[in-house]
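Below you'll find the structure, written out as structure tokens, and then a few comments.
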Amino acid sequence: MKIKETATVLGQQELAAGVYSLLLQTKIVDYAIPGQFISIFSNDGSKLLPRPISICEIDKEYGTLRVVYRVMGQGTEEFSHLKKGDKIQVMGPLGNGFPLEGETAIVVGGGIGVPPMLQLAKELPGTVTAVMGYRNDDMFLTEEFTDVAADLIIATDDGSVGVHGTVVDAMKENQLTADVIYACGPKPMLKGVAEYAAEHDIKCYVSMEERMACGVGACLGCVCQSTEVDDHSHVHNKRVCKDGPVFLSTEVVL
């Protein structure tokens with residue numbers, strides 16, 4: 001079920017340079033699952049399009065959603081100034097979510113693809129290994145993953161923490177295997193993870209990052225190339241906001 005309402009800001013903090021954690025009280029929490037996202041609308045009437053932000057944590061008991069985002073433009077810059085008690089228009093939950101499968105799982109996040117993996121790691125039924133990639137030692141959410149995963153492996157581009165290289169380098173170095181791999185991050189990272197999964201005969205789900213406009217599948221502004229013809233457009237396209245953002249790695253061209 002998708003709803004649009006005015007949410008209340010319960011708090012916000014900066015986790016790393018330009019990365020903010022925003023806690024919202026909203027009825028969307030009643031319907032949200034790991035891997036979905038919400039659209040947040042600007043309070044500036046000149047900015048008509050909402051900003052899609054992935055869901056980081058879901059707390060149904062207290063009716064709260066946590067989203068973690070990076071300031072990328074005017075819209076997210078506006079959101080970074082929200083404080084406790086402020087009101088903001090939100091819509092969601094949007095998109096599909098991650099299927100909860102496997103006795104053993106690897107969750108992989110890169111950059112701002114790290115946050116949506118946290119709630120997934122909390123809800124997966126089996127043993128979870130988390131592999132998180134950052135540019136440098138300005139990291140975020142590592143303590144939370146330490147609490148919910150059996151093992152946390154970190155990779156940094158500059159080698160300041162953990163494995164020097166990508167998340168795929170970290171997976172290879174640790175010879176990781178599992179029943180299923182879940183990944184969210186930039187497309188080159190997803191391509192590498194999907195190739196690793198194929199080489200090791202592991203089922204793999206990827207959460208795609210694309211620029212979205214409507215967020216509900218109407219504008220076709222966020223299509224990605226699919227391996228099969230889809231039922232909506234009858235071409236090799238899938239709408240990331242509506243058909244995704246979560247896909248089997250074999251469904252999409254990375």
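For Glu103, are the conditions met, namely being free of Cβ contacts under 8 Å to residues at least 40 places away in the same chain and among the acidic types (Asp, Glu)?
For Glu103, the condition - free of Cβ contacts under 8 Å to residues at least 40 places away in the same chain and among the acidic types (Asp, Glu) - is not met.
Got a number for residues in segment 151-204 being part of a strand (DSSP E or B), under 24 Å from Pro125 (Cβ atoms) and either outside the structural domain of Val108 (by TED's automatic domain parsing) or not aromatic (Phe, Trp, Tyr) (or both)?
Adding up the residues that qualify gives 9.
Among the residues in segment 107-119, are any touching a helix residue (DSSP H, G or I) at 6+ places or on another chain (Cβ under 9 Å) and more than 25 Å from Val29 (Cα to Cα)?
no
Go over the candidates Thr146, Thr142, Thr104 one by one and state the one that is out of contact with any Gly (no Cβ under 6 Å at 6 or more places or on another chain), surrounded by 15 or more Cβ atoms within 10 Å (Cβ to Cβ) and not aliphatic (A, V, I, L, M).
The match here is Thr142.
Consider segment 107-119. How many of its residues are over 9 Å from Cys184 (Cβ atoms) and crowded, with 24+ Cβ neighbours inside 10 Å?
Total satisfying the criteria: 2.
Which one is surrounded by the most Cβ atoms within 10 Å (Cβ to Cβ), of the residues in segment 78-99 that are farther than 21 Å from Thr6 by Cβ and out of contact with any helix residue (DSSP H, G or I) (no Cβ under 6 Å at 6 or more places or on another chain)?
Filtering first and then ranking leaves Gly95.
Which of the residues that make up segment 9-23 are on the phi < 0 side of the Ramachandran plot and surrounded by 15 or more Cβ atoms within 10 Å (Cβ to Cβ)?
Answer for segment 9-23, where residues must be on the phi < 0 side of the Ramachandran plot and surrounded by 15 or more Cβ atoms within 10 Å (Cβ to Cβ): Val9, Leu10, Gln12, Leu15, Ala16, Val19, Tyr20, Ser21, Leu22, Leu23.
Using the structure shown, decide if Met132 is more than 25 Å from Leu248 (Cβ to Cβ), modelled with pLDDT of 95 or more and not charged (D, E, K, R).
So Met132 does not fit the description; no.
The values are calculated or read from the model by the stated rules, or taken from the named source; none is laboratory data. Being a predicted model, the structure only gives us computed values, none of them experimental. Cβ atoms come from the backbone with ideal geometry, glycine included; neighbour counts cover every protein chain shown.
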